[in-house]
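Accompanying notes for the structure given below.
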Amino acid sequence: MSFIIPNQTGSTLENARQAQPDQKDFEIMAMGLEGTGVISGCAVTQQTVADMTVKVALGVARYQNGADITVAADTSVTIEAADGTNPRFDYIMVNSADGTIVNPSAGDGKGTAASNPVFPAIPANRIILAVVHVTENETAITDAHIVDKGVTILTGSPACRISETGLVTTSNGEYVDFAGATVDVDNDGIADTANDKLVIQTAGVYLIQAHWLATGGTGGTYRTMKVYVNAAIHTDKRAGVETSSGVYSLAISNEVAFLHDCAVNDEIKLYQESDADVSSQTLSYILSVVRVA
């Protein structure tokens, strides 16, 4: 859905009324500039069999650049009975406090019937999704009565960065434990540290970067960091620690970076592998993803 002031495409009063810019159109657009509007979904449509309710699709809205608000799928909104003489405009709205859809009523999104109706005042703590033209004596709201008024809120590219600046012991040949990781950035719900993975929420091409630092220790000739995408190795990089005595006293680091075309729910994990002489490895790490296209 997207905010619109429609052109007049016919000669009916309904088209003419909907095509007229209202003062509240500009207030709704101004609210959008301040971070109130729709991020995705939330389309308002008629019921399968038109009646005096409409339905709102699953979506995400935002109020004054606050936290994202999830709107439940196929939520019905009741439109009060039409006036017998004059039309009015009603808003379809989200309650910013709890994400519920508001049934328009007097003083809360229901307009005043008049021969030349105007949009009602915009109530506090509401996100406008659409306006419904309730014509006189109307008994069934159709899509022709509904005009989208949900201003699209632009968000930054999905990005996530987790880090373990302390030390975590990871067994040889196992995924790295994210339980103690700090989520430094996550604007799209990507981090799932409880399950040792990042989970893509929005499809696109991502730059995936990983860095780890292994402490000094005894035994073995290499340490390898692997990045898995959906349980398949995407890339790996080995750091050698060749010494005559099998001891490496200095910490070693490794890093990889690559582009990957990710789908929703793609999983990204880190994997640590050493040669047979080393049963576990103590390391710190950084793993980040950011959508670039």
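The values are calculated or read from the model by the stated rules, or taken from the named source; none is laboratory data. Since this is a predicted model, take the numbers as computed values, not measurements. All Cβ positions, even for glycine, are placed from backbone atoms using ideal geometry, and neighbour counts span all protein chains on display.
Please go through segment 73-104 and pick out each residue that is of a type in the set (S, T, N, Q) and farther than 21 Å from Asp25 by Cα. Listed by number, the residues that qualify are Thr75, Ser76, Thr78, Thr85, Asn86, Thr100.
In the condition set (1) in the same structural domain as Val60 (by TED's automatic domain parsing); (2) surrounded by 14 or more Cβ atoms within 10 Å (Cβ to Cβ), Ala106 is compliant with all but (2). Scanning segment 108-148 for residues that are β-branched (Val, Ile, Thr) and under 30 Å from the mean Cα position of the chain (by Cα) yields Ile122, Ile127, Ile128, Val131, Val132, Thr142, Ile146, Val147.
How many of the residues making up segment 165-186 are part of a loop (DSSP other than H, G, I, E, B) and surrounded by fewer than 15 Cβ atoms within 10 Å (Cβ to Cβ)?
3
Among the residues making up segment 129-164, those that are assigned to a loop (DSSP other than H, G, I, E, B) and over 26 Å from Phe119 (Cα atoms) are Thr155, Gly156, Ser157, Pro158. Return a yes/no flag: does segment 198-213 have any residue that is at pLDDT below 90, more than 14 Å from Ile162 (Cβ to Cβ) and in contact with a Phe, Trp or Tyr (Cβ under 8 Å, 6 or more places away or on another chain). Yes, segment 198-213 has at least one match. For Leu129, the conditions (1) modelled with pLDDT under 95; (2) buried (at least 16 other Cβ atoms within 10 Å of the Cβ) are fulfilled apart from (1). The set of residues from segment 57-86 being over 19 Å from the mean Cα position of the chain (by Cα) and part of a loop (DSSP other than H, G, I, E, B) comprises Ile79, Glu80, Ala81, Ala82, Asp83, Gly84, Thr85, Asn86. A residue that is part of a strand (DSSP E or B) and either outside the structural domain of Thr202 (by TED's automatic domain parsing) or at pLDDT below 95 (or both) cannot be found anywhere in segment 29-36. Quick check: is even one residue across segment 15-26 assigned to a helix (DSSP H, G or I), out of contact with any helix residue (DSSP H, G or I) (no Cβ under 7 Å at 6 or more places or on another chain), free of Cβ contacts under 8 Å to residues at least 60 places away in the same chain and within 15 Å of Arg126 (Cβ to Cβ)? Among the residues of segment 15-26, not one is assigned to a helix (DSSP H, G or I), out of contact with any helix residue (DSSP H, G or I) (no Cβ under 7 Å at 6 or more places or on another chain), free of Cβ contacts under 8 Å to residues at least 60 places away in the same chain and within 15 Å of Arg126 (Cβ to Cβ), which makes the answer no. A search for C-beta distances below 7 Å between a residue of segment 119-142 that is free of Cβ contacts under 8 Å to residues at least 40 places away in the same chain and any residue that is assigned to a loop (DSSP other than H, G, I, E, B) and surrounded by 14 or more Cβ atoms within 10 Å (Cβ to Cβ), counting only pairs 6+ apart in sequence or on different chains, returns Arg126/Ser96.
Of these, Ile162, Ile208, Ile200, which one is crowded, with 19+ Cβ neighbours inside 10 Å and within 15 Å of the chain's Cα centre (by Cα)? Break it down into steps so the answer makes sense when it comes.
Numbers: Ile162 fails: within 15 Å of the chain's Cα centre (by Cα); Ile208 fails: within 15 Å of the chain's Cα centre (by Cα).
Sole residue among the options that is crowded, with 19+ Cβ neighbours inside 10 Å and within 15 Å of the chain's Cα centre (by Cα): Ile200.
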